[in-house]
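Novice: Take this structure, written in structure tokens, and hold onto it; I'll ask about it next.
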Amino acid sequence: MVVMLLVIVPLDELFFFYIIPIRKIDFEQNPYAGENLEKEPWIMELRNQCRIIHTTELVVAQEKMHELKRRKEELLKLYSPILLLHQLQDAMKKTEEESETSLGQLFDREIDHVDVASSL
């Protein structure tokens, strides 16, 4: 049996195909050659199964990565520096208003300074 090698050579937009005989396999001198040829379909099936497994795992990993990227974007929107700054400014404004209200009540003697001190 002669093993042939297919060589594809691209040249511009043309492809040249060469079939080159590599060597003659003598099954009588090399007893493993026949065994190897018999195992070739089994090896090809294993390769196909590996490709299927690889592709399946790749799809799952890509879906998980997409979900994580989506969650990351959501978190970045929720905790963006601008949003956090606005929340701090709102809290500061609310605290300032409460402070001014309490101070006004204290000056107007609506509440006693003891009540203010005890609420702290």
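The values are calculated or read from the model by the stated rules, or taken from the named source; none is laboratory data. A quick note: this is a predicted structure, and the numbers were derived from the prediction, not measured.
Residues are listed down the side, and each one gets a yes or a no for (1) hydroxyl-bearing (Ser, Thr, Tyr); (2) modelled with pLDDT of 90 or more; (3) not in a helix (DSSP H, G or I):
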position: Phe15; (1), (2), (3): no, no, yes
position: Ile19; (1), (2), (3): no, no, yes
position: Ile22; (1), (2), (3): no, no, yes
position: Ala33; (1), (2), (3): no, no, no
position: Pro41; (1), (2), (3): no, no, no
position: His66; (1), (2), (3): no, yes, no
position: Glu74; (1), (2), (3): no, yes, no
position: Glu97; (1), (2), (3): no, yes, no
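Novice: Shifting gears a bit: Taking the conditions exactly as written (of a type in the set (A, V, I, L, M), under 30 Å from the mean Cα position of the chain (by Cα) and assigned to a helix (DSSP H, G or I)), does Ile52 satisfy them or not? Break it down stepwise before answering.
Specialist: Working: of a type in the set (A, V, I, L, M): yes; under 30 Å from the mean Cα position of the chain (by Cα): yes; assigned to a helix (DSSP H, G or I): yes.
The answer is yes for Ile52.
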